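The values are calculated or read from the model by the stated rules, or taken from the named source; none is laboratory data. Predicted model, so just to flag it, every value in this text is computed and none were measured. Ideal geometry is used to build each Cβ from the backbone, glycine not excepted, and the neighbour counts take in all protein chains shown.
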Amino acid sequence: MKKLNKNENIILELISKKNELTIKNIEEEISIERRTAQRALKSLSENGLIEAIGTTKDRSYRRVFLEKEALFNYIVFSSGVMVGELHFGSGEYIFNYDENTKVKH
C-alpha cells in the first residue's frame, strides 16, 4: 500500500468517524473540490481502506477495517479458560474461537 497524501488521510479519518458518507458530505465537511475528493476516494478504495456502496448516482463510502485494525481487542474467558478473542470498533464484531476450546453441543 502506498503512503497516503494529506487529502486521503483527512477523508479516511472523516469516513472513520462518520461511518458512511457521500461525496457531497465530504465536500461540505472539509471544503474540498469534488474532483480532488474523487481522486482521493478512488485511491483509498484501490488500497482497500474504503468501499463504495450503491450506484454512481447514490454512491456512499464506508471504512473497511482489517481485523488487526479493530479498535478494541479482548480475550474472552469462560470459567477461567480462554475461549476466544473479540474484536470490535471497526464497524463490526468479530469473535474468533480458540482452536483448543471444545464446544459442547
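Any idea which of (1) modelled with pLDDT of 90 or more; (2) part of a helix (DSSP H, G or I) is the one I32 doesn't satisfy?
Among (1) modelled with pLDDT of 90 or more; (2) part of a helix (DSSP H, G or I), the lone unmet condition for I32 is (2).
Search the range 1-28 for residues that are within 13 Å of I50 (Cβ to Cβ) and assigned by TED's automatic domain parsing to the domain that holds A52 and pair each with any residue that is outside any loop (DSSP other than H, G, I, E, B) and acidic (D, E) when their beta-carbon atoms are under 7 Å apart and the residues are at least 6 apart or on different chains.
Pairs found: L14/E29.
Of all residues in the range 48-84, which are among the hydroxyl-bearing types (S, T, Y) and either modelled with pLDDT under 80 or touching a Ser or Thr at 6+ places or on another chain (Cβ under 6 Å) (or both)? Outline the logic, then answer.
Quick first cut of the range 48-84, residues among the hydroxyl-bearing types (S, T, Y) only: 55-56, 60-61, 74, 78-79.
Listed by number, the residues that qualify are S60, Y74.
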